[in-house]
Amino acid sequence: MSDKNRQDVGIGIAHFDSEVNRVMYASTPLLVTFVVYIALMVLIGLVAYRATKNFDDYILGGRRLGSVVTALSAGASDMSGWLLMGLPGAIFLFGVSKSWIAIGLIIGAYLNWRFVAARLRVHTEINNNSLTIPDYLSSRFEDKTNLIRIVSAVVILIFFTIYCSAGVVAGAQLFKSTFGISYENALWVGAGATILYTAIGGFLAVSWTDSVQATLMIFALILTPIFVILSVGGVETATLEIAAQNPANLSLFKGVGWAAIASALGWGLGYFGQPHILARFMAADSHHVITNARRISMTWMTFCLVGAMAAGFYGIAFFAQNPELADGVNQNNEWVFIELAKILFNPWMAGIILSAILAAIMSTLSCQLLVCSSAITEDLYKVFLRPHASQKELVWIGRLMVLLIAVVAIYIAMDPDSKVLSLVDYAWSGFGAAFGPVVLLSVTWKGITRKGALAGMCVGALTVLIWEQFFFFGLSTIIPGFVLATLAIVVVSLREKPSQAMLDRFDQANKVLETE
């Protein structure tokens, strides 16, 4: 070998060693931060395990959540990995026109807190102390055939399995981007800790960890946009750079038609039917804590959404100024928040920031796994197979179901090209159309009947499943699903009268709500 070749090889080896050292330096603090965070979540699960005495505790926390935990748990269970991946990625790719999603969500969340939260807390208690949405609907409409219970449980299993897979995909993308491991291995790593603490601690573990995760999320979503703005020379400089890339980036209306705007705003309709969010209302200590919880939750949510959009928006300017650093976002636009955190912060701080993404993923995935588990255990296993099962048996069946559903969700998420936002959109629409109208009307209109509720759930779910295949008019499935389900409920319910007992319970709930 010539001296020149030896020199070239030596330079190559030195470069390789330097690169390995750089990666180890960067990844070790990230790895330590992630391990500490995950260990903390599992520890909370173990503490919750000791506080879980029966099945009521396991799936609804004994209905003893205060306003702060109710608010933060509802927010964290709502804002999954799409908040720090899907939404910033959409803004980064299309500009502020994708802000319509956030606008719709804020409106929908407020209306859900205002008109459903307290009412649902009272109605579920009066209607046989219902622990799940299928249980509540079955009791509310005196369904002795259990058909409502079966239909609603099936809807939950179908759409939540898809929703869970979105969380698994987000977790896999996070670990793949951060540590460079294969997508297949990242699937199991990302989901493992969530499965563990959910199965062990149940609802209390999920709610307590949600509060920690919500705090971490808002910290990351306030700090990261500030650093991005400072790094690109301030708001004015960044805005000019973004406009130079594409003037449409600054417009809410350019490049989007009425169908796109309506579809984005339509996300807000989904809130009325999300079982994992509704469960937080049902678990509140009483309806009196809801008002304060609403204020906390809406403030937290607004800051988080604005922060996520700002990260994506000013990320356009950052990567325009630093194209040599844009390999990650060019590979996947949903990595924009991840890449910004890794570039702008030292490895230890980046680890904390990126843990917020893991927090968002884990908080929602854990809620979804628990709701699915509850639907199988409470609404199918207990009702049809083991009506006299002990509390201990039900808790362990619930834990086994968490594991089973998680494995199915991981299988669905095997496609590395899966997009978090599209998976969430599909599941969100399914729940919003199938459960939204029936839940909203069940707590606000005494005239709704059993047949009307069944018609609404079936029409809503089927509309989403069919509309998704054809995407008529470019309109999101949630809007036709919600509208047609509402019409089905009203038309069918007006053809008969609810029983006197149903009317009496509705009046009883209203009297409780009127108390201070």
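The values are calculated or read from the model by the stated rules, or taken from the named source; none is laboratory data. Worth saying up front: this structure is predicted, and the values here are computed from it rather than measured. Reconstructed Cβ throughout: ideal geometry from the backbone, glycine too, with neighbour counts over all protein chains shown. When the accessible area is computed, the model is the full protein with side chains, heavy atoms only, and any ligands, DNA or RNA have been set aside. Shrake-Rupley method; radii C 1.70, N 1.55, O 1.52, S 1.80 Å.
Take region 451-482 and flag every residue that is among the hydrophobic types (A, V, I, L, M, F, W, C), in a helix (DSSP H, G or I) and more than 22 Å from the chain's Cα centre (by Cα).
Matches in region 451-482: Ala453, Leu454, Ala455, Cys458, Val459, Leu462, Ile466, Trp467, Phe470, Phe472, Phe473.
Does any residue of region 8-29 turn out to be at pLDDT 75 or above and not aromatic (Phe, Trp, Tyr)? Don't jump to the end; show me each part of the working.
Narrowing region 8-29 to residues at pLDDT 75 or above: 28-29.
This time we only want the ones that are not aromatic (Phe, Trp, Tyr), so: 28-29.
For region 8-29, residues at pLDDT 75 or above and not aromatic (Phe, Trp, Tyr): present.
Under 7 Å between Cβ atoms, at least 6 apart or on separate chains: pull out the pairs that start in region 278-291 with a residue that is within 18 Å of Leu137 (Cβ to Cβ) and end on any residue that is charged (D, E, K, R) and assigned to a helix (DSSP H, G or I).
Final answer for the pair search is Phe281/Arg121; Met282/Arg121; Ala283/Arg63.
List every residue pair whose Cβ atoms sit under 7 Å apart, with the two residues 6 or more apart in sequence or on different chains, where the first one lies in region 499-516 and is under 15 Å from Leu441 (Cβ atoms) and the second, anywhere, is open to solvent by 50 Å² or more (accessible area, probe 1.4 Å) and acidic (Asp, Glu).
Met502/Glu142
On the basis of being under 22 Å from Thr124 (Cα atoms) and modelled with pLDDT of 95 or more, does Pro437 make the cut?
On the way: under 22 Å from Thr124 (Cα atoms): yes; modelled with pLDDT of 95 or more: yes.
It is true that Pro437 is under 22 Å from Thr124 (Cα atoms) and modelled with pLDDT of 95 or more.
Condition (residue is out of contact with any Leu (no Cβ under 7 Å at 6 or more places or on another chain), among the aliphatic types (A, V, I, L, M), at pLDDT 90 or above and open to solvent by less than 40 Å² (accessible area, probe 1.4 Å)) applied to region 92-104: is it met by at least one residue?
No, the conditions are met nowhere in region 92-104.
Are any residues in region 251-274 touching a residue at least 40 places away in the same chain (Cβ under 8 Å), of a type outside the set (D, E, K, R) and open to solvent by 20 Å² or more (accessible area, probe 1.4 Å), and if so, which ones?
Residues of region 251-274 touching a residue at least 40 places away in the same chain (Cβ under 8 Å): 251-257, 259-274.
Restricting the remaining residues to those that are of a type outside the set (D, E, K, R) gives 251-253, 255-257, 259-274.
Ser251, Leu252, Phe253, Gly255, Val256, Gly257, Ala260, Ile261, Ala262, Leu265, Leu269 - these are the residues of region 251-274 that are touching a residue at least 40 places away in the same chain (Cβ under 8 Å), of a type outside the set (D, E, K, R) and open to solvent by 20 Å² or more (accessible area, probe 1.4 Å).
Does Leu65 fit the bill of being of a type in the set (A, V, I, L, M), open to solvent by less than 30 Å² (accessible area, probe 1.4 Å), at pLDDT below 65 and closer than 18 Å to Ala279 by Cβ? Reasoning before the result, please.
Details: of a type in the set (A, V, I, L, M): yes; open to solvent by less than 30 Å² (accessible area, probe 1.4 Å): yes; at pLDDT below 65: no; closer than 18 Å to Ala279 by Cβ: yes.
When the stated conditions are applied, Leu65 does not pass them.
Quick one: which of Ile361, Ile357, Ile397, Ile352 is over 30 Å from Pro29 (Cβ atoms), in a helix (DSSP H, G or I) and either at pLDDT 75 or above or open to solvent by less than 10 Å² (accessible area, probe 1.4 Å) (or both)? Write out each step before concluding.
Values: Ile361 fails: over 30 Å from Pro29 (Cβ atoms); Ile357 fails: over 30 Å from Pro29 (Cβ atoms); Ile352 fails: over 30 Å from Pro29 (Cβ atoms).
Only one candidate passes the filter, namely Ile397.
Name the single residue that is least open to solvent (accessible area, probe 1.4 Å) among those in region 277-332 being of a type in the set (S, T, N, Q) and more than 25 Å from Ser251 (Cα to Cα).
The extreme case among them is Ser297.
Restricting attention to region 467-497, which residues are open to solvent by 40 Å² or more (accessible area, probe 1.4 Å), under 19 Å from Ala259 (Cα atoms) and modelled with pLDDT of 90 or more?
Answer for region 467-497, where residues must be open to solvent by 40 Å² or more (accessible area, probe 1.4 Å), under 19 Å from Ala259 (Cα atoms) and modelled with pLDDT of 90 or more: Val483, Leu484.
Looking only at region 162-179, decide whether some residue is assigned to a helix (DSSP H, G or I), in contact (Cβ under 8 Å) with a residue 12 or more places away in the chain, in contact with a helix residue (DSSP H, G or I) (Cβ under 7 Å, 6 or more places away or on another chain) and over 26 Å from Phe34 (Cβ atoms).
Checked against the condition, which is being assigned to a helix (DSSP H, G or I), in contact (Cβ under 8 Å) with a residue 12 or more places away in the chain, in contact with a helix residue (DSSP H, G or I) (Cβ under 7 Å, 6 or more places away or on another chain) and over 26 Å from Phe34 (Cβ atoms), region 162-179 yields at least one hit.
Please tell me if Met309 is closer than 30 Å to Val155 by Cα, out of contact with any Asp or Glu (no Cβ under 7 Å at 6 or more places or on another chain) and touching a residue at least 60 places away in the same chain (Cβ under 8 Å). So that I can check it myself, show each step before the final result.
On the way: closer than 30 Å to Val155 by Cα: no; out of contact with any Asp or Glu (no Cβ under 7 Å at 6 or more places or on another chain): yes; touching a residue at least 60 places away in the same chain (Cβ under 8 Å): yes.
Spelling it out, it is not the case that Met309 is closer than 30 Å to Val155 by Cα, out of contact with any Asp or Glu (no Cβ under 7 Å at 6 or more places or on another chain) and touching a residue at least 60 places away in the same chain (Cβ under 8 Å).
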